[in-house]
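Trainee: Let me give you the structure first, and then I'll get to my questions.
The values are calculated or read from the model by the stated rules, or taken from the named source; none is laboratory data. Just so we're clear, the structure is a prediction, and the values are computed from it rather than from any experiment. Quick reminder, even Gly has a Cβ in these numbers, built from the backbone with ideal geometry, and neighbours come from all protein chains shown. Accessible surface is based on the protein model in full, side chains and every heavy atom, while ligands, DNA and RNA are left aside. Shrake-Rupley method; radii C 1.70, N 1.55, O 1.52, S 1.80 Å.
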Amino acid sequence: MAESMKGLKRTCRCGEVTKANVGEKVTLMGWVQKNRNKGGLIFVDLRDRSGIMQIIFENGKCSDEIFAKAGKLRSEFVIAVTGTVQLRSGAVNENLATGALEVVAEDLRILSESETPPFPIEENSKTREEVRLKYRSLDLRRPDLQRNLILRSKVAMLTRQFLDKEGFLEIETPMLTKSTPEGARDYLVPSRIHPGSFYALPQSPQLFKQLLMCSGYDRYMQIARCFRDEDLRADRQPEFTQIDMELAFVDVEDVIDVNERLLAYLFHELLGVEVSLPIQRMTWQEAMDRFGSDKPDLRFGMELKDVSDVVRDSEFAVFRNALEAGGSVRGINAKGQGGMPRKKIDKLVEFAKGYGAKGLAYIAVQEDGTCKSSFAKFMTEDQMKQLVQAMDGEPGDLLLFAADKTKMVWNVLGALRLELAEQMDLIDKNEYRFVWITEFPLLEWSEEENRYTAMHHPFTMPMDEDIPLLDTDPGAVRAKAYDIVLNGSEIGGGSVRIHQNDIQEKMFEMLGFTKEQAHSQFGFLLEAFRYGVPPHAGLAYGLDRLVMEMAKIDNIRDVIAFPKVKDASCLMTEAPSPVDPAQLEELGLKIETAAEPEA
Ligand code: ASP
């Protein structure tokens, strides 16, 4: 039977007991990790979020009644133990912070019993993730998940403290807001009071934080939940958290400065890692040319090389066609991989095809300097030599080439570079390598929609010197936009915003909005701009991503307490779920497609 807390007070957590407490009486509360009965001695490992403490019940040191009660303990029972701290009489457990200590129990209360849990509560669980997510409250007891969530809490807390000192104000923005279809798909919430009308859950607080700048708040921050109804990939969540900020009277440098110091502070305080400032910067163009990615992992080299000019005169149709269509031919050099078996090369070709490549051309430079190649017969000996030279190819190297539209070539080689780095074990997993990516293109041409879309969002300011190009060559306009990338993951991004009505109107026009559409969707922003708007800029981090990178974790669900799975459902609550017809009626909604029958 469950006992009460009456008259009991926890003195500290299990992991907080130190050698300084030897001889003292403590009251600990937590879950039974395991228990062993050795005749006159019962050992219990007691677990709470801070760690594990060994408890000993010894016949004679506690009453018969308590000893008998201790004999009934099972895994995951919730108990309170009062006893005296002593140095371990048995072997010291080097793996535990409290491994040299134990508590000799005098009193025990069973606060709650537990059925046998569906899986053991242990680090690095082998249990299938679906099972763990279904029983998430149990899963969250595991020390590795607890460490992640504790780190997450600290990141949020220290960020608030740091930004508070820098003069930021934390201001909440609405969760029920207006649908603005530019960007990702909105999550919609039907209105009961206005049947047929919908709120949208915010994709980010973007417009509101800009309005706050118009209102003179000057420096805003918020740890904000955002919602995007996108087709999910393994590393995405339909709802995620941003550390969001906006600053008035600033330019790119100011935003970068405060954020570099914030990152250095977080990494120093929480990981003991010194981020050397200033963080390296690279333009988007350079990142794409050298790494085929706008979030380059700089922990290793293997840079892309543009060899279009070298192969321009070759007879190889794959190269020629790509170049004639305005594309390019680029390659990477997998050092020392020249002996890669054909089968493995074929796998790389398949991998590249998965990213949209038509194929991959390769040269394996032999130890005697001759070349084995998929396309040697279309090249003169001299062309081949020049190509190998352009790639810094040495005996034993494997050179891989993609030829296509440049965007495709970047994409394919960028992915291949990462894949090869994994295979070749080139990445120092202990390193934290930051880089700012700057000068992103303002616009991106969408083949599907046959129009320009905003690369960042429609409120991003063009670079001053590129403003004239808006009329003549919009695709070439660079933006005052920046991303902060850590170990090949985009952990944050932002931009200087347009604060001039005429440029903002022009931007909407470029994006294919009619004046009416722009005003019906963003009228409140344009309206605010009429009454004195300071120049402003901002940035948002993906908190989930940041914590993942800090904790060196691959699975985004491991840094979120109650995550959704790939199909956007929650395995624990079973959301989303059908609702009562009366609720639908109240909202004036009718469901056309029949809900799937219950399995
Ligand atoms: N609101 C932007 C985003 O969600 C970030 C920013 O520009 O501040 O990506």
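Trainee: Of all residues in the stretch 398-421, which are among the charged types (D, E, K, R), touching a Gly at 6+ places or on another chain (Cβ under 7 Å) and surrounded by fewer than 22 Cβ atoms within 10 Å (Cβ to Cβ)?
Mentor: Of everything in the stretch 398-421, just one residue is among the charged types (D, E, K, R), touching a Gly at 6+ places or on another chain (Cβ under 7 Å) and surrounded by fewer than 22 Cβ atoms within 10 Å (Cβ to Cβ), namely LYS405.
Trainee: Could you list, ordered by first residue, the pairs with Cβ atoms under 6 Å in which the first is in the stretch 517-543 and polar (S, T, N, Q) and the second is within 16 Å of the ligand (Cβ to nearest atom), at least 6 apart or interchain?
Mentor: GLN521/THR180
Trainee: Could you please tell me which pairs satisfy a Cβ distance under 6 Å, a separation of 6+ or placement on different chains, a first residue in the stretch 46-73 that is open to solvent by 30 Å² or more (accessible area, probe 1.4 Å), and a second residue that is among the basic types (Lys, Arg)?
Mentor: Listed pairs, sorted by first residue: SER50/ARG13.
Trainee: Do you know which residues across the stretch 444-463 are within 16 Å of the ligand (Cβ to nearest atom) and either touching a residue at least 40 places away in the same chain (Cβ under 8 Å) or of a type outside the set (A, V, I, L, M) (or both)?
Mentor: The answer is GLU444, THR453, ALA454, HIS456, HIS457, PRO458, PHE459, THR460, MET461, PRO462.
Trainee: Further, regarding this structure: From ALA403, ALA415, ALA476, grab the single residue that is in contact with a helix residue (DSSP H, G or I) (Cβ under 9 Å, 6 or more places away or on another chain), over 30 Å from LEU271 (Cα atoms) and in contact (Cβ under 8 Å) with a residue 40 or more places away in the chain.
Mentor: ALA403
Trainee: Condition check: outside any helix (DSSP H, G or I), more than 19 Å from TYR452 (Cβ to Cβ), in contact with a strand residue (DSSP E or B) (Cβ under 9 Å, 6 or more places away or on another chain) and free of Cβ contacts under 8 Å to residues at least 60 places away in the same chain. Does ILE484 satisfy that?
Mentor: no
Trainee: Could you count how many residues in the stretch 97-126 are at pLDDT 95 or above, of a type in the set (Ser, Thr, Tyr) and either under 21 Å from ASP64 (Cβ atoms) or open to solvent by less than 70 Å² (accessible area, probe 1.4 Å) (or both)?
Mentor: Qualifying residue count for the region: 2.
Trainee: Continuing with the same structure: Would you mind stating whether THR370 is polar (S, T, N, Q) and either touching a residue at least 24 places away in the same chain (Cβ under 8 Å) or within 16 Å of the ligand (Cβ to nearest atom) (or both)?
Mentor: no
Trainee: Has the stretch 530-546 got any residue that is under 20 Å from TYR452 (Cβ atoms) and either away from the ligand (no atom under 16 Å from the Cβ) or in a loop (DSSP other than H, G, I, E, B) (or both)?
Mentor: No, the conditions are met nowhere in the stretch 530-546.
Trainee: Among the residues of the stretch 1-45, what is the count of those that are in a strand (DSSP E or B), among the hydrophobic types (A, V, I, L, M, F, W, C) and open to solvent by 40 Å² or more (accessible area, probe 1.4 Å)?
Mentor: 2
Trainee: Under 6 Å by Cβ, and 6 or more places apart or on different chains, what pairs join a residue from the stretch 188-210 that is surrounded by 16 or more Cβ atoms within 10 Å (Cβ to Cβ) with one that is assigned to a loop (DSSP other than H, G, I, E, B) and of a type in the set (Phe, Trp, Tyr)?
Mentor: Between residues of the stretch 188-210 that are surrounded by 16 or more Cβ atoms within 10 Å (Cβ to Cβ) and residues that are assigned to a loop (DSSP other than H, G, I, E, B) and of a type in the set (Phe, Trp, Tyr), the close pairs are LEU201/TYR187.
Trainee: For the stretch 422-454, enumerate the residues that are aromatic (Phe, Trp, Tyr) and either outside any strand (DSSP E or B) or buried (at least 16 other Cβ atoms within 10 Å of the Cβ) (or both). Don't jump to the end; show me each part of the working.
Mentor: Let us first name the residues in the stretch 422-454 that are aromatic (Phe, Trp, Tyr), namely 432, 434, 436, 440, 445, 452.
Within the stretch 422-454, TYR432, PHE434, TRP436, PHE440, TYR452 meet the criteria.
Trainee: Taking the stretch 490-510, which residues are of a type outside the set (Lys, Arg) and either more than 16 Å from the ligand (Cβ to nearest atom) or open to solvent by 20 Å² or more (accessible area, probe 1.4 Å) (or both)?
Mentor: GLU490, HIS499, GLN500, ASN501, ASP502, ILE503, GLU505, PHE508, GLU509, MET510, listed by residue number.
Trainee: Give the number of residues within the stretch 1-51 that are closer than 18 Å to ILE66 by Cβ and among the hydrophobic types (A, V, I, L, M, F, W, C).
Mentor: Here the count works out to 13.
Trainee: Could you identify the single residue in PRO181, PRO174 that is within 16 Å of the ligand (Cβ to nearest atom) and either touching a strand residue (DSSP E or B) at 6+ places or on another chain (Cβ under 6 Å) or at pLDDT below 95 (or both)? Quick ask: steps written out before the conclusion?
Mentor: On the way: PRO174 fails: either touching a strand residue (DSSP E or B) at 6+ places or on another chain (Cβ under 6 Å) or at pLDDT below 95 (or both).
Checking each option against the conditions leaves just PRO181.
Trainee: What is the one condition in (1) within 23 Å of THR180 (Cα to Cα); (2) within 15 Å of the ligand (Cβ to nearest atom); (3) open to solvent by less than 40 Å² (accessible area, probe 1.4 Å) that LEU526 does not satisfy?
Mentor: Answer for LEU526: the failing condition is (2).
Trainee: Then there's this: Among the numbered criteria (1) in contact with a strand residue (DSSP E or B) (Cβ under 7 Å, 6 or more places away or on another chain); (2) within 27 Å of SER293 (Cβ to Cβ), which one does HIS536 miss?
Mentor: Status for HIS536: all satisfied but (2).
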